[in-house]
1. Only one residue in Pro101, Pro27 is closer than 18 Å to Phe121 by Cβ, of a type outside the set (S, T, N, Q) and without any contact (Cβ under 8 Å) to a residue 60 or more places away in the chain. Which one?
2. For Tyr82, indicate whether it is out of contact with any strand residue (DSSP E or B) (no Cβ under 6 Å at 6 or more places or on another chain), of a type in the set (Ser, Thr, Tyr) and exposed (fewer than 13 other Cβ atoms within 10 Å of the Cβ).
3. Suppose we filter Leu59, Leu51, Leu45 for residues that are in contact with a Leu (Cβ under 7 Å, 6 or more places away or on another chain), in contact (Cβ under 8 Å) with a residue 60 or more places away in the chain and surrounded by 13 or more Cβ atoms within 10 Å (Cβ to Cβ); which single one remains?
4. Are any residues in the stretch 1-28 acidic (Asp, Glu) and either touching a Ser or Thr at 6+ places or on another chain (Cβ under 9 Å) or part of a helix (DSSP H, G or I) (or both), and if so, which ones?
5. Which strands (runs of 3 or more DSSP E) does the stretch 30-123 wholly contain that include 1 or more residues that are in contact with a Cys (Cβ under 8 Å, 6 or more places away or on another chain)?
6. If I filter the stretch 66-79 for residues that are among the aliphatic types (A, V, I, L, M), on the phi < 0 side of the Ramachandran plot, touching a helix residue (DSSP H, G or I) at 6+ places or on another chain (Cβ under 6 Å) and surrounded by 12 or more Cβ atoms within 10 Å (Cβ to Cβ), do I get at least one hit?
7. Under 6 Å between Cβ atoms, which residue pairs at least 6 apart in sequence (or on different chains) link something in the stretch 136-165 that is within 22 Å of Asn64 (Cα to Cα) with a partner that is surrounded by fewer than 10 Cβ atoms within 10 Å (Cβ to Cβ)?
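Computed from the coordinates by the stated procedures, all read-outs in this text should not be read as laboratory data. Quantities reported herein were computed from a predicted structural model and do not represent experimental measurements. Neighbour counts are summed over all protein chains in view; Cβ atoms, including those assigned to glycine, are modelled from backbone coordinates with ideal geometry.
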Amino acid sequence: MNTHDIVERLKSKFSTDSVLVVNEKTPQPIVQIPVDLLLDICQFLHEDDLLYFDFMACLTGIDNGPEKGTMELIYHLTSIPYQRNLILKVMLPRQVDGQQPSIPSLSSIWKTADWHEREAFDLIGIRFDNHPDLRRILLPKDWVGHPLQKDYQEQDLYHGIKVKY
């Protein structure tokens with residue numbers, strides 16, 4: 001089963017509008033899905049006997065900056081028994097009513113999502129709803145801001161230590 005077959009299976013399960021874009025110009029096709037179906041689609045990808053994506057290998061968060069006003073999350077999924085990979089992408093508004101974006105946590109589906117989501121929260125500020133332990137993972141808990149946001153301004157001092165060089 002290739003990416004085209006997987007996309008067709010998703011379309012038959014959810015709707016033809018569920019899969020927004022399939023970018024086949026990249027070495028591995030990227031399947032873009034709507035945020036509101038992320039949890040349902042991932043649950044299906046994990047539980048369907050013909051797909052069985054049993055491992056979330058990586059989660060990448062990207063801030064496209066205030067000019068574009070969007071952020072991206074890219075999920076790298078693997079089906080170990082079927083030896084296939086899938087890349088899912090969701091687009092989020094950068095801020096909604098002055099609040100950082102939020103998205104459902106996938107840690108109930110793949111345990112590996114736990115720390116990946118904490119890292120994305122810590123560094124770019126995306127909140128993961130229903131995450132079992134959403135707190136900073138790399139930076140101190142009292143750190144101000146999210147350093148991988150395009151408009152991040154680092155503080156001059158942190159507890160008397162010079163930060164900005």
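1. Pro101
2. On the way: out of contact with any strand residue (DSSP E or B) (no Cβ under 6 Å at 6 or more places or on another chain): yes; of a type in the set (Ser, Thr, Tyr): yes; exposed (fewer than 13 other Cβ atoms within 10 Å of the Cβ): no.
When the stated conditions are applied, Tyr82 does not pass them.
3. Leu59
4. Within the stretch 1-28, Asp5, Glu8, Glu24 qualify.
5. 70-79, 84-93
6. Among the residues of the stretch 66-79, not one is among the aliphatic types (A, V, I, L, M), on the phi < 0 side of the Ramachandran plot, touching a helix residue (DSSP H, G or I) at 6+ places or on another chain (Cβ under 6 Å) and surrounded by 12 or more Cβ atoms within 10 Å (Cβ to Cβ), which makes the answer no.
7. Glu154/Lys164
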